[in-house]
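**Q** Before anything else, here's the structure in question.
The values are calculated or read from the model by the stated rules, or taken from the named source; none is laboratory data. Because the structure is a prediction, the values reported are computed rather than measured. Glycine also receives a Cβ, built like all others from the backbone with ideal geometry; neighbour counts cover every protein chain displayed. When the accessible area is computed, the model is the full protein with side chains, heavy atoms only, and any ligands, DNA or RNA have been set aside. Shrake-Rupley method; radii C 1.70, N 1.55, O 1.52, S 1.80 Å.
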Amino acid sequence: MKIDDNFYMKLAIDEAWKYQLLTYPNPAVGCVVVKNGEILAIEAHKEAGKPHAEVNALKAAYLKKCPNDVLKTKSSSHDIHDYLLRNHNNFFEDCTIYVTLEPCNHIGKTPACANLLKELKPKRVVIAHEDINKEAKGGCETLKSANIDVNLDCMKKEAYELLYPFIKWTQGTFIFYKMAQTLNGSIDGAISSHIAKAYVHTLRDKIDLMLIGGNTVRSDKPTLDSRYIAGRAPNIMIYSKNKVFDTNIPLFKVPNREVIISDDLFKLLDYKFIMVEGTYNLMDKLKEKIDYLVLLVSPKIRKGVNALNDLHIDFKIVHENYIGEEKIIYLKRKV
């Protein structure tokens, strides 16, 4: 295996994918710090409002060499920024920083990563994709103004796929369909492990709206909250022509949530980040609107319902990962 810029950038991209969709409304971003050929840190942005990928990686890299430093007690972006600015002692001057997205150049909930890197003066900063956010872009120019060697477009195609959900929800609506199945495609009953369920509940905590079919609500009587992580219960749209439901079904009893019953899919355009939970019937209704299919595959074979014979949708796999023993596959609809 060739150890080059692509090798290190792939590590950053793979790390970012672990947090894909969980950073909403921010993009998923990964960062790797290399010093004299040694990988000091592989980190990612994990949640909106928390430190960006570069900050997490710079902190981890510094602590790799100084494990007992007081920096390990710092957790907020502002505190980490301030500490590194005062105490870096030129530690990063012989480092190369690999980051999947151009370092942000503005001060929002967190300080500007480009300004921090400008002061730390790493030898090189290798960037996969330019920032599409007009407010945050300009990091490359800030780094170059400090005579830092900047390389742009390393693995840009792969970084674009990572950035795609952010692009979609920034410009309009991003819709992903979550489905769990066994190895033989059965979608019946309890399929997912507790770890996978916690992941799904984390997604529910982030979304603007969850869409579910009326038949599923009537038959399964679900709650559709985020109790596994003590998170926020999402607002619900039930897709149904029949507007009559038993309001004793648990999802109607969850406080502080809105439940819409409608068969007007244009209502989805009022939201930016939408998760669909359902089976193949609802997927057929939404086949022209789905951006991603997030497929959780449990390593078991069970008797149960499989795909409809007349459903035809083409996807391409953009990433694969594991949650415990289960495989998670991110598929992008071909258009």
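**Q** Go through segment 314-335 and give me each residue that's in a loop (DSSP other than H, G, I, E, B) and either more than 18 Å from the chain's Cα centre (by Cα) or basic (K, R) (or both).
**A** Correct list: D314, E325, K334, V335.
**Q** Next up: All but one of (1) under 29 Å from L163 (Cβ atoms); (2) of a type in the set (V, I, T); (3) open to solvent by 50 Å² or more (accessible area, probe 1.4 Å) hold for I301; which doesn't?
**A** For I301, the failing item is (1).
**Q** Ok, one more. Out of (1) out of contact with any strand residue (DSSP E or B) (no Cβ under 9 Å at 6 or more places or on another chain); (2) over 18 Å from A146 (Cβ atoms); (3) crowded, with 21+ Cβ neighbours inside 10 Å; (4) not basic (K, R), the odd one out for C104 is which?
**A** For C104, the failing item is (2).
**Q** Kindly indicate the residue of segment 5-22 that is outside any helix (DSSP H, G or I) and touching a residue at least 40 places away in the same chain (Cβ under 8 Å) and also most open to solvent (accessible area, probe 1.4 Å) among those meeting that condition.
**A** Ranking the candidates gives K18 first.
**Q** Next up: With the condition being over 27 Å from H319 (Cβ atoms), I'd like the strands (runs of 3 or more DSSP E) fully within segment 200-308 carrying at least 2 qualifying residues.
**A** The qualifying strands (runs of 3 or more DSSP E) are 236-239, 259-262.
**Q** Report yes if L311 is assigned to a loop (DSSP other than H, G, I, E, B), within 25 Å of L183 (Cβ to Cβ) and touching an Asp or Glu at 6+ places or on another chain (Cβ under 7 Å), otherwise no.
**A** yes
**Q** Condition check: more than 17 Å from A114 (Cβ to Cβ) and open to solvent by 30 Å² or more (accessible area, probe 1.4 Å). Does I42 satisfy that?
**A** yes
**Q** Let me ask you something else. For Y160, indicate whether it is open to solvent by 10 Å² or more (accessible area, probe 1.4 Å), outside any loop (DSSP other than H, G, I, E, B) and either in contact with a strand residue (DSSP E or B) (Cβ under 8 Å, 6 or more places away or on another chain) or farther than 26 Å from D264 by Cβ (or both).
**A** yes
**Q** Given the condition buried (at least 16 other Cβ atoms within 10 Å of the Cβ) and under 16 Å from N281 (Cβ atoms), answer yes or no: does some residue in segment 194-206 qualify?
**A** no
**Q** Further, regarding this structure: Of all residues in segment 137-157, count the ones that are in a helix (DSSP H, G or I) and open to solvent by 60 Å² or more (accessible area, probe 1.4 Å).
**A** 5
**Q** Taking the options E119, E54, E93, name whichever one is within 17 Å of V33 (Cβ to Cβ), assigned to a loop (DSSP other than H, G, I, E, B) and not hydroxyl-bearing (S, T, Y).
**A** E93
**Q** Does segment 168-185 include one or more residues that are surrounded by fewer than 17 Cβ atoms within 10 Å (Cβ to Cβ) and outside any loop (DSSP other than H, G, I, E, B)?
**A** Within segment 168-185 (the criterion being surrounded by fewer than 17 Cβ atoms within 10 Å (Cβ to Cβ) and outside any loop (DSSP other than H, G, I, E, B)), the answer is yes, since at least one residue qualifies.
**Q** Looking at P222, P234 in this structure, which one is within 19 Å of P25 (Cβ to Cβ) and open to solvent by less than 60 Å² (accessible area, probe 1.4 Å)?
**A** Testing whether each residue is within 19 Å of P25 (Cβ to Cβ) and open to solvent by less than 60 Å² (accessible area, probe 1.4 Å) leaves just P234.
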